[in-house]
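The values are calculated or read from the model by the stated rules, or taken from the named source; none is laboratory data. Worth saying up front: this structure is predicted, and the values here are computed from it rather than measured. Backbone-built Cβ (ideal geometry, glycine too); neighbour counts: all protein chains shown.
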């Protein structure tokens, strides 16, 4: 398995090419083209801001001024996470002809799914930065230094999950339907549209079991809330868990690899 | 020297598809690393069983066999797409597989970008591709459209581009699966040239093909797979001959089975007349044998592409049941142009068995120019003096190729009683390739049927030459000296059969 992991490095050219292909193909034929990478998160942000400040205004949210920035801090990473998982679950099936007809390292496909969604995430960051500057949200360098680490933890965690999902979906197509609903639930069960402080102590204890909650809180603490980054212990624990999950996911994928060509 | 491809006692078992026990494969894979270890025998399917083949470096190796014989599985194992269930496959050298052309093409992006992506997938570096790019595009004849998205390509263009990329990977071992029919005539030739070039440069080629002539001409060695078993290996000409002989035998069995079915149903229809009157059989008595021999056929009808199974209902009206009314005054034959397959007649004289015999004994498959004997076992329920025997041969599109009877040929019947045998010997079956059906009949000289078997017997004529029509007269071409053809050997190479 370790040697297989090493192979991944050898395939970096292929991964790079496929990610580029994915990005190119996604907006090919649309008028705005690549701008959709910016427009999409913006529109999403608009929708949620509209819902929670106009349709269902809640007094408690006033404390979260500006709410759009708070929302954006959680929404942007969530979009990366959820689209990676839903793409990842499908990726082996969609590329079935590669797996069945060509000698092709299948593990590249979930990696490409996670990476191309990560690129969209990175494209969304400039918009977030504009928001931060516009609202003059105070930022600290010591906090910002954590940002790449949070991204890295999210990447590892997402990739591990995507590996597991892609491998299992080949055997059980039910997963992709199930997943869509689980992701919706997961979204609302994560402090993205509401802050952690809304929850009771019991709610907080349960929330601690939600890995994405720690990511969302980390992003919010670094970018939105004032004061030092206090969530780092949780983040480190999550990093360790993410690494274990990735290794487990890869091992599972590796074990099931031979079945893909036959079951896809 | 290590062989380029070493297939060592390889068995490949697939899971039969079905919704039951989807967990079984998953569990089995997870626990034992084997896809099928926990499957019951009825849930699995053996695509290859204990096949060992070594392909030496630089050899062109052909694999032939029927559909489902395991050819493509073998290729996939060598390509590394699937793993053997038992045994091992060792491949020494860079492999490029022409299994599905353009498998990785993304429809939305341009041909140019796809060439790069496909090349990288096949193991080239970006620089390699840049260097070969023009060559690839030129080979694919795609200069005009290379910047258009692949989704706008015709299937021929798609395949051509895929082929061009795959062969420009510069593999040590090329795996080819049935893709020679790429593009138009001109491009096919170019592909063949490319294969020849590979061969010249000492590359190893593993070719799976139904084109037997291609295997005969192009390969140095051949393997014949049959239901996952290795049936024969060695010289391609010999292996192809063995395979063809086997195909003919199977064809023969199929024709025999179809005939038996037609005869059984005719028996059921016509039982009213035929069987009843034969219920009091007389003892065996001296046979009245009659020999008729005069091979002749009528030309002028386009060759029918031998339909694999004899199709019933070629002619419009259903057969008149029982006593036959439509009797041609002149020939005394039943009007065979309007009747369907079936059997009728009074049963006074009965044709009990009809066999077709060639030089190798009874069968249903013959070659143009072969000897063919139609043998009928007949039995008269009571002694008769007025009788005639006839045969006619029809092509599948209903054209009567030849028909005659003893009456037409002016043989006067004298006596027949008890069992006898009639033999109609055709010295040379000068028919072109195709499937033919046979009428045999015993009747009175005025055409009144004793026992008429309508289109109940089928035989197939095979030929190495693909000439058209029905009748193939023996012939010779002659030319004056200023009109020349290339020596016969080159033409003979093209003269090999293919399916």
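Contact annotation: residue pairs with Cβ atoms under 8 Å, 6 or more positions apart or on different chains, pairing a residue in region A:30-43 that is without any contact (Cβ under 8 Å) to a residue 60 or more places away in the chain with a partner that is exposed (fewer than 12 other Cβ atoms within 10 Å of the Cβ) and in a loop (DSSP other than H, G, I, E, B), are A:36/A:30; A:39/A:32. Restricting the search to region B:105-123, which residues are over 18 Å from residue B:142 (Cα atoms) and either assigned to a helix (DSSP H, G or I) or in contact with a helix residue (DSSP H, G or I) (Cβ under 8 Å, 6 or more places away or on another chain) (or both)? Once the filter is applied, which keeps residues that are over 18 Å from residue B:142 (Cα atoms) and either assigned to a helix (DSSP H, G or I) or in contact with a helix residue (DSSP H, G or I) (Cβ under 8 Å, 6 or more places away or on another chain) (or both), region B:105-123 yields B:120, B:121, B:122. Condition test on residue B:336, is it under 21 Å from residue B:265 (Cα atoms), crowded, with 17+ Cβ neighbours inside 10 Å and modelled with pLDDT under 90? Considered against the rule, which asks whether it is under 21 Å from residue B:265 (Cα atoms), crowded, with 17+ Cβ neighbours inside 10 Å and modelled with pLDDT under 90, residue B:336 comes out as yes. Looking at (1) in contact with a helix residue (DSSP H, G or I) (Cβ under 7 Å, 6 or more places away or on another chain); (2) without any contact (Cβ under 8 Å) to a residue 12 or more places away in the chain, which is the only condition residue A:262 fails? Among (1) in contact with a helix residue (DSSP H, G or I) (Cβ under 7 Å, 6 or more places away or on another chain); (2) without any contact (Cβ under 8 Å) to a residue 12 or more places away in the chain, the lone unmet condition for residue A:262 is (1). Quick check on region B:25-43. Is at least one of its residues more than 9 Å from chain A (Cβ to nearest Cβ) and at pLDDT 85 or above? Scanning region B:25-43, I find no residue that is more than 9 Å from chain A (Cβ to nearest Cβ) and at pLDDT 85 or above, so the answer is no. Across region A:168-191, the qualifying residues are those that are touching a residue at least 40 places away in the same chain (Cβ under 8 Å) and not in a helix (DSSP H, G or I), and the one among them that is farthest from residue A:44 (Cα to Cα) is A:173. Flag not set for residue A:171, criterion: more than 14 Å from chain B (Cβ to nearest Cβ) and modelled with pLDDT under 90. For residue B:222, the conditions (1) surrounded by 15 or more Cβ atoms within 10 Å (Cβ to Cβ); (2) modelled with pLDDT under 90 all hold with the exception of (2). If you go through region B:111-137 and keep only what is within 15 Å of residue B:159 (Cα to Cα) and within 11 Å of chain A (Cβ to nearest Cβ), you end up with B:114, B:118, B:119. In region A:16-25, of all residues being within 10 Å of chain B (Cβ to nearest Cβ) and touching a residue at least 40 places away in the same chain (Cβ under 8 Å), the one that is nearest to the chain's Cα centre (by Cα) corresponds to A:22.
Please go through region A:99-109 and give me each residue that is farther than 18 Å from residue A:13 by Cβ and buried (at least 23 other Cβ atoms within 10 Å of the Cβ), ordered by number. Give the steps one after another, and end with the answer.
To start, the set of residues in region A:99-109 that are farther than 18 Å from residue A:13 by Cβ comprises A:99-101.
Correct list: A:99 only.
For region A:192-222, a tally of residues being touching a residue at least 12 places away in the same chain (Cβ under 8 Å) and either touching a strand residue (DSSP E or B) at 6+ places or on another chain (Cβ under 7 Å) or outside any helix (DSSP H, G or I) (or both) returns 6.
Could you please let me know if residue A:81 is buried (at least 16 other Cβ atoms within 10 Å of the Cβ), part of a loop (DSSP other than H, G, I, E, B) and either away from chain B (no Cβ under 14 Å) or in contact with a helix residue (DSSP H, G or I) (Cβ under 7 Å, 6 or more places away or on another chain) (or both)? For residue A:81, the condition - buried (at least 16 other Cβ atoms within 10 Å of the Cβ), part of a loop (DSSP other than H, G, I, E, B) and either away from chain B (no Cβ under 14 Å) or in contact with a helix residue (DSSP H, G or I) (Cβ under 7 Å, 6 or more places away or on another chain) (or both) - is not met. Residue B:93 passes every criterion in (1) facing chain A (nearest Cβ under 9 Å); (2) assigned to a loop (DSSP other than H, G, I, E, B) apart from (1).
Within the set A:71, A:115, the sole residue that is surrounded by fewer than 24 Cβ atoms within 10 Å (Cβ to Cβ), closer than 27 Å to residue A:161 by Cβ and either within 17 Å of the chain's Cα centre (by Cα) or within 14 Å of chain B (Cβ to nearest Cβ) (or both) turns out to be A:115. Checking each residue in region B:138-156 for being surrounded by 20 or more Cβ atoms within 10 Å (Cβ to Cβ) and not in a loop (DSSP other than H, G, I, E, B) picks out B:139, B:140, B:150. Looking only at region A:222-261, filter to residues that are surrounded by 20 or more Cβ atoms within 10 Å (Cβ to Cβ) and closer than 30 Å to residue B:103 by Cα; which one of those is farthest from the other protein chains (Cβ to nearest Cβ)? Selected residue: A:246.
What do you reckon, is residue B:73 in contact with a strand residue (DSSP E or B) (Cβ under 8 Å, 6 or more places away or on another chain), assigned to a loop (DSSP other than H, G, I, E, B), more than 30 Å from residue A:28 (Cβ to Cβ) and within 14 Å of another protein chain (Cβ to nearest Cβ)? No, not satisfied. In region A:120-148, how many residues are buried (at least 17 other Cβ atoms within 10 Å of the Cβ) and farther than 16 Å from residue A:71 by Cα? So the count comes out to 4. Looking across region B:79-90 at every residue that is within 21 Å of residue B:174 (Cβ to Cβ) and not in a loop (DSSP other than H, G, I, E, B), the one that is nearest to the other protein chains (Cβ to nearest Cβ) is identified as B:79.
Determine if region A:181-197 includes at least one residue that is away from chain B (no Cβ under 14 Å) and more than 21 Å from the chain's Cα centre (by Cα). Checked region A:181-197: at least one residue is away from chain B (no Cβ under 14 Å) and more than 21 Å from the chain's Cα centre (by Cα). Applying the set (1) out of contact with any helix residue (DSSP H, G or I) (no Cβ under 6 Å at 6 or more places or on another chain); (2) in a strand (DSSP E or B) to residue B:381 leaves exactly one unmet item: (1).
When you check residue B:442 against the structure, is it surrounded by fewer than 22 Cβ atoms within 10 Å (Cβ to Cβ), touching a strand residue (DSSP E or B) at 6+ places or on another chain (Cβ under 8 Å), modelled with pLDDT of 90 or more and outside the structural domain of residue B:216 (by TED's automatic domain parsing), yes or no? Against the criterion (surrounded by fewer than 22 Cβ atoms within 10 Å (Cβ to Cβ), touching a strand residue (DSSP E or B) at 6+ places or on another chain (Cβ under 8 Å), modelled with pLDDT of 90 or more and outside the structural domain of residue B:216 (by TED's automatic domain parsing)), residue B:442 does not qualify. None of B:104, B:119, B:111 is surrounded by 20 or more Cβ atoms within 10 Å (Cβ to Cβ), within 9 Å of residue B:165 (Cβ to Cβ) and either within 41 Å of the chain's Cα centre (by Cα) or modelled with pLDDT of 85 or more (or both) except B:119.
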